[in-house]
Amino acid sequence: MSIASTHSIPAEADQARVALRVALADNPDGILESLAAQHQVSLQTVIDCLPVQVRRQAPGSVFIDAFEDIASWGDVTLIVHTADAIIEFSGPLPVGKTGHGYYNLQGGGVVSGHLRADRCGAIYFVRRPFMGKETRSILFFNLEGTAMFKVYVGRDENRELRQDQLLRFDALEQRLAVQEPQA
């Protein structure tokens with residue numbers, strides 16, 4: 001169960017989680033948002049059903065710390081995935097400044113906007129294949145378990161994960177993620 005959860009799970013939710021774990025085992029590099037829609041659960045529930053070896057969670061309270069660290073990595077891929085659109089941006093992320101209830105992205109670059117850092121309920125560090133390629137991503141979830149956005153480690157000219165960013169990913173995960181309780 002995620003650190004953001006404080007209530008018990010009904011039996012039908014347990015059944016949905018079992019079905020999700022089976023689906024993820026059968027197709028580990030599938031589209032997670034499609035699984036969430038198919039099983040009528042949040043994307044965060046799908047992430048919680050990934051094996052503990054491929055995901056670690058940090059509290060949403062470290063949103064700004066995480067975002068500002070990622071902003072120093074260079075070119076990454078930012079994805080916002082809704083039922084109606086998948087928007088991708090590749091490039092450096094700007095740092096922001098808190099004001100008027102938002103984390104306001106600064107710098108006048110291609111990416112700008114206003115993020116509700118206080119609405120971040122959880123951040124996940126995920127290692128998994130996607131379309132036959134290994135990935136590393138950081139997923140930011142709101143308080144309802146809906147993805148705010150995802151940030152993927154960049155790739156080099158050979159389409160391999162950038163080694164410098166893998167080190168940064170690992171260091172950020174080590175610093176911010178909480179230990180998963182042992183079963």
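The values are calculated or read from the model by the stated rules, or taken from the named source; none is laboratory data. Here the structure is a predicted model, which means the values were calculated and not measured. Glycine also receives a Cβ, built like all others from the backbone with ideal geometry; neighbour counts cover every protein chain displayed.
Which condition does residue 45 not pass, out of (1) within 18 Å of the chain's Cα centre (by Cα); (2) part of a strand (DSSP E or B), if it passes all the others?
The failed condition is (2).
Does segment 148-169 contain any residue that is surrounded by 12 or more Cβ atoms within 10 Å (Cβ to Cβ), among the small types (Gly, Ala, Ser) and touching a Leu at 6+ places or on another chain (Cβ under 8 Å)?
There is at least one residue in segment 148-169 that is surrounded by 12 or more Cβ atoms within 10 Å (Cβ to Cβ), among the small types (Gly, Ala, Ser) and touching a Leu at 6+ places or on another chain (Cβ under 8 Å).
Restricting to segment 32-42, and then to whatever is touching a residue at least 40 places away in the same chain (Cβ under 8 Å) and either touching a strand residue (DSSP E or B) at 6+ places or on another chain (Cβ under 9 Å) or assigned to a strand (DSSP E or B) (or both), can you tell me which residue is nearest to residue 16 (Cα to Cα)? Spell out the reasoning first.
Our first condition is that a residue be touching a residue at least 40 places away in the same chain (Cβ under 8 Å); within segment 32-42, this holds for 33, 37, 42.
Add one more test, that the residue is either touching a strand residue (DSSP E or B) at 6+ places or on another chain (Cβ under 9 Å) or assigned to a strand (DSSP E or B) (or both), and what stays is 33, 42.
Working: 33: 15, 42: 11 Å.
Among those residues, the one meeting the criterion is 42.
Could you name every one of the strands (runs of 3 or more DSSP E) located completely within segment 84-183 that has at least 2 residues being more than 20 Å from residue 52 (Cα to Cα)?
Working: elements: 86-91, 96-99, 102-105, 120-130, 133-142, 147-152.
Passing ranges, in order: 86-91, 96-99, 102-105, 147-152.
From the residues in segment 66-112 that are over 18 Å from the mean Cα position of the chain (by Cα) and among the charged types (D, E, K, R), which one is nearest to residue 37 (Cα to Cα)?
84
Which one of 127, 116, 56 is within 14 Å of residue 149 (Cα to Cα) and of a type in the set (Lys, Arg)? Talk me through it step by step, then tell me what you get.
Details: 127 fails: within 14 Å of residue 149 (Cα to Cα); 56 fails: within 14 Å of residue 149 (Cα to Cα).
None of the other options fit; the residue is 116.
For segment 118-135, which positions are over 12 Å from the mean Cα position of the chain (by Cα) and of a type in the set (A, V, I, L, M, F, W, C)?
Scanning segment 118-135 gives 130, 131.
Is it the case that residue 16 is surrounded by 13 or more Cβ atoms within 10 Å (Cβ to Cβ), modelled with pLDDT under 85 and either touching a Ser or Thr at 6+ places or on another chain (Cβ under 7 Å) or among the small types (Gly, Ala, Ser) (or both)? Let's see the steps before the verdict.
Details: surrounded by 13 or more Cβ atoms within 10 Å (Cβ to Cβ): yes; modelled with pLDDT under 85: yes; either touching a Ser or Thr at 6+ places or on another chain (Cβ under 7 Å) or among the small types (Gly, Ala, Ser) (or both): yes.
In short, yes.
Being farther than 24 Å from residue 134 by Cα, within 19 Å of the chain's Cα centre (by Cα) and not polar (S, T, N, Q), is that true of even one residue in segment 25-38?
no
Determine which member of the set 106, 44, 57 is loosely packed, with under 13 Cβ neighbours inside 10 Å and not hydrophobic (A, V, I, L, M, F, W, C). Give the steps one after another, and end with the answer.
Working: 44 fails: loosely packed, with under 13 Cβ neighbours inside 10 Å; 57 fails: loosely packed, with under 13 Cβ neighbours inside 10 Å.
Exactly one residue qualifies, and that residue is 106.
Could you tell me whether segment 22-45 includes any residue that is modelled with pLDDT of 90 or more, touching a Phe, Trp or Tyr at 6+ places or on another chain (Cβ under 7 Å) and of a type in the set (A, V, I, L, M)?
Within segment 22-45, not a single residue is modelled with pLDDT of 90 or more, touching a Phe, Trp or Tyr at 6+ places or on another chain (Cβ under 7 Å) and of a type in the set (A, V, I, L, M).
Condition first: at pLDDT below 95 and among the aromatic types (Phe, Trp, Tyr). Can you find one or more residues in segment 119-128 that meet it? Spell out the reasoning first.
Going residue by residue through segment 119-128, those that are at pLDDT below 95 are 128.
Narrowing further to those that are among the aromatic types (Phe, Trp, Tyr): none.
There is no residue in segment 119-128 that is at pLDDT below 95 and among the aromatic types (Phe, Trp, Tyr).
Do we find a residue being surrounded by fewer than 16 Cβ atoms within 10 Å (Cβ to Cβ), more than 25 Å from residue 177 (Cβ to Cβ) and in contact with a strand residue (DSSP E or B) (Cβ under 6 Å, 6 or more places away or on another chain) anywhere in segment 69-80? Show your work before the answer.
Residues of segment 69-80 that are surrounded by fewer than 16 Cβ atoms within 10 Å (Cβ to Cβ), as a first pass: 72, 74-75, 80.
Cutting the leftovers down to more than 25 Å from residue 177 (Cβ to Cβ) gives us none.
The answer is no, given that none of the residues of segment 69-80 is surrounded by fewer than 16 Cβ atoms within 10 Å (Cβ to Cβ), more than 25 Å from residue 177 (Cβ to Cβ) and in contact with a strand residue (DSSP E or B) (Cβ under 6 Å, 6 or more places away or on another chain).
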